[in-house]
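Here the structure comes first, spelled out in structure tokens, and everything after it is commentary.
The values are calculated or read from the model by the stated rules, or taken from the named source; none is laboratory data. Because the structure is predicted, anything quoted here is derived from the model rather than measured. Backbone-built Cβ (ideal geometry, glycine too); neighbour counts: all protein chains shown. Accessible surface areas use protein heavy atoms only, side chains included; no ligands, DNA or RNA. Shrake-Rupley method; radii C 1.70, N 1.55, O 1.52, S 1.80 Å.
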Amino acid sequence: MAAAERCHTFRMSRSARWIALLLLAFSAPAPAAAQGPTPCSGDPTQARPLTLTVGGQPATGLYAVPLAPPRGLVVFGHGAANTSDSWKHHLTAVAQREGVIAVAMDYRGMQVTGRSAERGTVTARGWPAKAGAEDLVAAAQHFDGACPGLAGITIHGVSMGGNMTGLAVAANAKRADGRPLFDYWIAVEGVHNVTETYHEARLAAPAVEFARITVEDIEAEMGGPFEAQASTYLERTNLNRVADVAGSGVRGVILVHAYEDGTVPYNQSLEMAGRLRDAGVPTDFYSVGRRGSDEKDTTIGGYGGVQTGNAGHGWEGSTTHVVIQTGFDRLNALLTRGEPAPCDRDFRVDESPGNVSPDPREAPAGCEGDPLPPAAARDAPCRDTRPPSPVTVRVRRDGRDVTLRGRATDRGCGRIARVLVAVGRRERGGGCRFVGRRGRLGPRRPCRRARYLRARGREIWRLDLRRLPRGRYVARALAVDAAARRGPAGRARRFTIR
């Protein structure tokens, strides 16, 4: 990927596209002291309150611990209008799935505004980039001290949290033994150019209420408008802190962003990836194309009334949005599945985190798995409570011969045992006839009562069918894990044999 334009101030919007995206709603620190003892393991289904003292002020958040001694720590940075309350489910899920401590902080300086009627979570306003970064560093250092021997520490930010987590990495903080505080940084749809975001919001502020609020919040953080505080804006813009990120000792970075994000422009992650790579920081970039859920269309086109079918900006508390889930899938791949660490690769994701091209496990020479946690920690007990992810089917036709293939993913610490595929011919008058073991069509039955065949392979699977009768077909696939849990069937793929 070519490096982004070298601009040390800000990039104004170069087309009406970036102005249009504002016509929508977004969706070295002082030592920290904790109040009371902090357990390192326990009930992973419980989100516990955390209070630290950072810079003489209380900093609050939530955390969850694994059932067994922790394999590591993940620090989450929340986005605009959210608090740690949006992360309750994710904290407990990550603690159970990855066997790590998971913590999310409420940034000092944000003002609680109420509770979302739609989502039921506590909302807040503000853009405290500096204090937020300090709070994330303080949380990581607190658990490093309270739970010695953590194999690795990963920081993971979403949207505005991309700004805070980037500054936290750039702070060059250390662990108690002198090692770099953060091993990996994952930024999902992150704001890496807050200066650009500010200027775009200022253009739309006269007509858009949320843009006006964004301008007020950023100016409050920076101490005034850009013209009066340019150096502060630039110092708190991730793109201008790449040298500090590189000097922090972070092992690698994973960026995730939707091409058609209607809230934070895709170009911000694109430019960040280019600069990190130029600075020698191994960076993998996952660009998300098509959407796979029924969530709101938060794309540029969607806000303009044009349904493109692409993924947009995800709410960080979501358990279905493809962008948010891709971030968690990459965390699982890094910490539990042992896939290759970041090494300057580019990927495309469509519809589900498991539909990635090229396959991130098939890395070129020089891309190796990082033992984080080390092998001994990976063998620690883990409760796999989640079924496999939906499976996306790819179809290749050669006359009347058809090859179905795909990738199956188990987000827990279990493994895929088998993949089942149903291929049915749609019949006139209703119903389907499904392909059997010998490639012949079975009797007519309701299409929802699918007859499944076992594919070859597990995580990477394939099913070859020869000389299918002519007609219109529908194919679906699902995965079964080692605990015999069936995941949901993925989206149906339709094809025609002529």
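Within segment 49-81, no residue satisfies the criterion of being polar (S, T, N, Q) and open to solvent by less than 10 Å² (accessible area, probe 1.4 Å).
Among the conditions (1) among the hydrophobic types (A, V, I, L, M, F, W, C); (2) assigned to a helix (DSSP H, G or I); (3) farther than 27 Å from GLN57 by Cβ, ALA207 misses just one, which is (2). Residues of segment 365-392 that are at pLDDT 75 or above and within 22 Å of the chain's Cα centre (by Cα): CYS367, ARG386, PRO387, PRO388, SER389, PRO390, VAL391, THR392. If you go through segment 49-64 and keep only what is within 23 Å of the chain's Cα centre (by Cα) and more than 11 Å from ASP106 (Cα to Cα), you end up with TYR63, ALA64.
Does segment 269-276 contain at least one residue that is of a type in the set (A, V, I, L, M), over 28 Å from THR154 (Cβ atoms), touching a Pro at 6+ places or on another chain (Cβ under 9 Å) and part of a helix (DSSP H, G or I)? Break it down into steps so the answer makes sense when it comes.
Taking segment 269-276 as the starting set, the residues that turn out to be of a type in the set (A, V, I, L, M) are 270, 272-273, 276.
Next cut, over 28 Å from THR154 (Cβ atoms) only: none.
No: segment 269-276 contains no residue that is of a type in the set (A, V, I, L, M), over 28 Å from THR154 (Cβ atoms), touching a Pro at 6+ places or on another chain (Cβ under 9 Å) and part of a helix (DSSP H, G or I).
Being hydroxyl-bearing (Ser, Thr, Tyr) and surrounded by 15 or more Cβ atoms within 10 Å (Cβ to Cβ) is the filter here, so list the residues in segment 473-498 that pass it.
If the condition is that a residue be hydroxyl-bearing (Ser, Thr, Tyr) and surrounded by 15 or more Cβ atoms within 10 Å (Cβ to Cβ), then TYR473 is the only one that fits.
Does THR298 meet the test of being modelled with pLDDT under 95 and open to solvent by less than 10 Å² (accessible area, probe 1.4 Å)? Quick ask: steps written out before the conclusion?
Values: modelled with pLDDT under 95: yes; open to solvent by less than 10 Å² (accessible area, probe 1.4 Å): no.
Judged against the criteria, THR298 is not a match.
Of all residues being in a helix (DSSP H, G or I) and polar (S, T, N, Q) in segment 187-201, which is surrounded by the fewest Cβ atoms within 10 Å (Cβ to Cβ)? Just the residue, please. The selected residue is THR195.
Within segment 173-217, the residues that satisfy the criterion of being in contact with a strand residue (DSSP E or B) (Cβ under 8 Å, 6 or more places away or on another chain) and either under 14 Å from TRP127 (Cβ atoms) or among the polar types (S, T, N, Q) (or both) are GLY190, ILE213, ASP217.
Among the residues of segment 232-253, some residue qualifies, meaning at least one is within 19 Å of ARG202 (Cβ to Cβ) and in a loop (DSSP other than H, G, I, E, B).
Of all residues in segment 111-134, those satisfying the criterion of being closer than 18 Å to TRP87 by Cβ and among the polar types (S, T, N, Q) are THR113, SER116, THR121, THR123.
If I go through segment 134-158 residue by residue, how many of them are open to solvent by less than 20 Å² (accessible area, probe 1.4 Å), part of a loop (DSSP other than H, G, I, E, B) and not hydrophobic (A, V, I, L, M, F, W, C)? Working first, answer last.
The initial filter retains those residues of segment 134-158 that are open to solvent by less than 20 Å² (accessible area, probe 1.4 Å), namely 135-140, 143-144, 147, 150, 152-158.
Imposing the further condition that a residue be part of a loop (DSSP other than H, G, I, E, B) reduces the set to 147, 150, 152.
After this cut, where a residue has to be not hydrophobic (A, V, I, L, M, F, W, C) as well, the list is 152.
Residues that pass the stated criteria total 1.
If you take the residues in segment 237-271 that are within 17 Å of the chain's Cα centre (by Cα) and open to solvent by 20 Å² or more (accessible area, probe 1.4 Å), which one is farthest from ASP344 (Cα to Cα)? Among those residues, the one meeting the criterion is GLU260. Within segment 219-249, work out how many residues are under 30 Å from PRO342 (Cβ atoms) and either modelled with pLDDT of 95 or more or out of contact with any strand residue (DSSP E or B) (no Cβ under 6 Å at 6 or more places or on another chain) (or both). Selection size over segment 219-249: 17.
Here segment 159-184 is the region considered, the condition is being on the phi > 0 side of the Ramachandran plot and more than 18 Å from the chain's Cα centre (by Cα), and the residue that is surrounded by the most Cβ atoms within 10 Å (Cβ to Cβ) is ASN172.
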